[in-house]
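Trainee: Sharing a structure with you now.
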Amino acid sequence: MLKIVYPICCGIDVHKNFVVATIATTDRENITTYRTKRFSTFTKDLRALALWLSNNQCVHICIESTGKYWIPIHNILEPSCQITLAHPKYVKAIRGKKTDKKDSIWIADLHKHGLVPGSFIPPADIREIRDLLRYRSKLVSFASSEKNRVQNSLTVSNIMLSSVVSDTFGKSALAILSHLLKHPDDQDFDFRPLLHGSMLKKQNDIALAIDGTINDIQAVKITLCLSHMDDIKRSYVARGTAF
């Protein structure tokens, strides 16, 4: 017979709008009784879940990590319970007529024997930093995607700045691009005052590179992309201490 690791424990089957919790209580004769209740995922009901667990002296909880839906439950139960976050593959029930109640009982049965390996849950402050850094990574990815879109628009417009300059979004290149967007019919403008540093040595190549036409559609697309990039950059500056 398997050893009872947690005489009183709870298995929680998690869904978006509700959870089904089963408390498994095993006596000295290894007879287990079950009490099952369903709670909504509103905070008030989750607090009722925490109170129900406390009233039944249940502190060992096993939660199936379903998407992000387990996080609200974890937020409420973390201060008062010892939580094991289970990957779904480790608590998958045997095929058959499954119900939410049966699933929660199955999770509780596995947990009472200590058979569920828990996923690592970092401390709250680390979780917050990690969440922020993940979002920052997405913003960086968005900015890179917008740069690629601008470059594609320039290519289809026969503007080959990327073949001449090392950074299409450097100070000189952006100044030239800004002029082309504001004055699409000015093909022979004097761009030399817009050049800086090593760009001054590339005047002839730059003249050849900007010999193209940005039509209205591409101009709108480039303008929107540059605006989005500026918004992302401003978010970095505004939240510099956080990012």
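Readers should treat all values here as calculations from the given coordinates under stated rules, not as data from a laboratory. Small disclaimer: the values here were computed from a predicted structure and weren't measured. Here Cβ is always computed from backbone atoms with ideal geometry, including for glycine, and neighbour counts include all displayed protein chains.
Trainee: If you restrict to DSSP beta bridges whose two residues both lie in the chain, what percentage is antiparallel, to the nearest 5?
Mentor: Numbers: 17 of 26 bridges.
Taking every DSSP beta bridge with both residues in the chain, the antiparallel ones total about 65 percent.
Trainee: Filter the chymotrypsin sites (Phe, Trp or Tyr not before Pro) in segment 24-60 to those in DSSP coil with at most 13 other Cβ atoms within 10 Å of their Cβ, and list the result.
Mentor: Working: sites: TYR34, PHE39, PHE42, TRP52; in loops: PHE42.
Here the sparse-neighbourhood loop sites are PHE42.
Trainee: Considering the dipole of the chain built from charges on the beta carbon (Lys and Arg +1, Asp and Glu -1) around the Cα centre, which of THR32, SER137, ILE83 is farthest to its positive end?
Mentor: Working it through, the farthest residue towards the positive pole turns out to be THR32.
Trainee: Still on this structure, I have one more. Taking segment 106-169, which chymotrypsin sites (Phe, Trp or Tyr not before Pro) meet the DSSP loop condition and have no more than 11 other C-beta atoms within 10 Å? Let's see the in-between values first.
Mentor: Values: sites: TRP106, PHE120, TYR135, PHE142, PHE169; in loops: PHE120, PHE169.
Here the chymotrypsin sites (Phe, Trp or Tyr not before Pro) that fit, given the DSSP loop and packing criteria, are PHE120.
Trainee: List the longest stretch of the chain that has no exposed loop site; here a site is one of the trypsin sites (Lys or Arg not before Pro) assigned by DSSP to anything other than H, G, I, E or B, with at most 15 other Cβ within 10 Å.
Mentor: Values: sites that count: LYS3, LYS16, ARG28, LYS68, LYS92, ARG95, LYS97, LYS98, ARG239.
Looking at the chain, 99-238 is the longest stretch - no exposed trypsin sites (Lys or Arg not before Pro) with at most 15 other Cβ atoms within 10 Å.
Trainee: In the structure shown, do any of LYS68/LYS147; LYS37/LYS97; LYS182/LYS221; LYS37/LYS98 have a Cα-Cα gap over 21 Å, and if so which?
Mentor: Numbers: LYS68/LYS147 31 Å; LYS37/LYS97 19 Å; LYS182/LYS221 14 Å; LYS37/LYS98 17 Å.
Over 21 Å Cα-Cα: LYS68/LYS147.
Trainee: Sticking with this one: So how do MET199, MET229 line up by other beta-carbon neighbours within 10 Å, fewest first?
Mentor: On the way: MET199 22, MET229 19.
Final ranking by Cβ density, sparse to dense: MET229, MET199.
Trainee: Within straight cross-link reach of LYS44, meaning Cα distance under 19 Å, which aspartates and glutamates are found once same-chain residues fewer than 8 apart are removed?
Mentor: Cross-link targets: ASP13, GLU78.
Trainee: According to the Kirkwood expression over distinct Cα-Cα pairs, how big is the hydrodynamic radius of segment 105-147, in Å? Please report the intermediate quantities before stating the final value.
Mentor: Working: mean 1/r = 0.0741 Å⁻¹.
It works out to 13.5 Å.
Trainee: May I pose another question? Checking the cross-link filter: which lysines have an alpha carbon closer than 16 Å to that of LYS3, excluding same-chain neighbours under 8 positions apart?
Mentor: Cross-link targets: LYS112.
Trainee: Also: Kindly give the semi-axes, whole Å and largest first, of the ellipsoid equivalent to segment 125-238, taking each as the square root of 5 times a Cα gyration tensor eigenvalue. Don't skip to the answer; put the middle values down first.
Mentor: On the way: eigenvalues 195, 49, 27 Å².
Values for segment 125-238, descending: 31, 16, 12 Å.
Trainee: Could you give the dipole magnitude of the chain about its Cα centre, charging the beta-carbon of Lys and Arg +1 and that of Asp and Glu -1, in debye to the nearest 20? Don't skip to the end; give the middle numbers.
Mentor: On the way: 33 positive and 23 negative charges, 246 e Å.
That gives a dipole near 1180 debye.
Trainee: Follow-up question, since we're still on this one. Farthest toward the dipole's positive end in segment 125-238, which of VAL220, SER166, MET199, given Cβ charges of +1 (Lys, Arg) and -1 (Asp, Glu) about the Cα centre?
Mentor: Of the candidates, SER166 comes out farthest on the positive side.
Trainee: Hey, another quick one. Suppose a student asked you for the relative contact order of segment 8-121, using Cα pairs under 8 Å spaced at least 6 residues apart; what percent would you report?
Mentor: It comes to 33 percent, rounded to a whole number.
Trainee: Moving to a separate point now. Pop out the ³J(HN,Hα) list for segment 59-70 in order, Karplus 6.51 cos²θ - 1.76 cosθ + 1.60 with θ = phi - 60°, rounded to Hz; leave Gly and Pro as x.
Mentor: 10, 9, 10, 10, 10, 6, 7, 8, x, 9, 5, 6
Trainee: What per residue convex hull volume, in Å³, do the alpha-carbon atoms of segment 8-121 yield?
Mentor: Details: hull volume 11.3 nm³, N = 114.
Taking only Cα atoms, segment 8-121 has a hull volume of 99 Å³ per residue.
Trainee: Starting from the alpha-carbon convex hull of the chain, give the projected area averaged over all orientations, in nm². Provide the component values of the computation, followed by the final result.
Mentor: On the way: hull surface 80.8 nm².
One quarter of the hull surface, i.e. the mean projection, equals 20.2 nm².
Trainee: Further question on the same structure: Can you work out the Karplus-derived ³J(HN,Hα) for every residue in segment 170-181? Use 6.51 cos²θ - 1.76 cosθ + 1.60 with θ = phi - 60°, whole Hz, and x for glycine or proline.
Mentor: x, 4, 5, 5, 5, 5, 5, 4, 4, 5, 5, 6
Trainee: With every atom except the alpha carbons ignored, what do you get for Rg and Dmax of segment 50-105, in angstroms?
Mentor: When restricted to the Cα atoms of segment 50-105, Rg and Dmax are 12.4, 36 Å.
Trainee: Could you bin all the Cα-Cα distances of segment 182-235 into 10 Å bins starting at 0 and give me the percent of pairs in each, rounded to whole numbers?
Mentor: 19, 35, 40, 6
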